[in-house]
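K.L.:
Sharing a structure below in structure tokens format, with a few things to ask.
The values are calculated or read from the model by the stated rules, or taken from the named source; none is laboratory data. Computed from a predicted model, the values in this text were never measured in an experiment. Using ideal geometry, Cβ is built from the backbone for each residue, glycine included, and neighbour counts are taken over all protein chains shown. Please note that ligands, DNA and RNA were not included when accessible areas were found on the heavy atoms of the full protein model with its side chains. Shrake-Rupley method; radii C 1.70, N 1.55, O 1.52, S 1.80 Å.
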Amino acid sequence: FIKAKYASRENFLFYWYTPDPLTAAVGARAINFDPVTGDCTKKRNTDPTLSQASCGYPVTTLLKYARRDVLKRDADFKFFFESFSLTEGAINALLAGHSSGSGNQTVYDLDRKS
């Protein structure tokens, strides 16, 4: 549905998470809502016609993990692990281009061995 709307150059609004191959593929842009506060969160209602909230959702920070024994054993990996990061824009660029590597723009194919 979303890709069809995008292909037909229609204006549309949808709710999704980022980073994700879909938002990268259609060049989706976030709408900036007011910051999340306790007062704004209290105004939320699961029925959108009754909700008085106009704030966004809290940002979820993605964390990276490595085993301590591996970090102690491999200095090169430790350096890479501690210094490597990707911006959301870089992740979206990687996801948008994924189909050119014979994938189908789904995160699940990224570790495919076949």
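K.L.:
Any residue at all in the range 48-58 that is among the hydrophobic types (A, V, I, L, M, F, W, C), open to solvent by less than 60 Å² (accessible area, probe 1.4 Å) and out of contact with any Cys (no Cβ under 9 Å at 6 or more places or on another chain)?
P.N.:
No; the residues of the range 48-58 include none that is among the hydrophobic types (A, V, I, L, M, F, W, C), open to solvent by less than 60 Å² (accessible area, probe 1.4 Å) and out of contact with any Cys (no Cβ under 9 Å at 6 or more places or on another chain).
K.L.:
Taking the range 5-33 only, how many residues are open to solvent by 100 Å² or more (accessible area, probe 1.4 Å) and not charged (D, E, K, R)?
P.N.:
Matching residues across the range 5-33 total 8.
K.L.:
Quick one: Cys40 ticks every box in (1) touching a strand residue (DSSP E or B) at 6+ places or on another chain (Cβ under 6 Å); (2) open to solvent by 60 Å² or more (accessible area, probe 1.4 Å) except a single one, so which number is it?
P.N.:
(2)
K.L.:
For the range 84-114, name all the residues that are at pLDDT 75 or above and open to solvent by less than 70 Å² (accessible area, probe 1.4 Å).
P.N.:
Within the range 84-114, Gly89, Ala90, Ile91 qualify.
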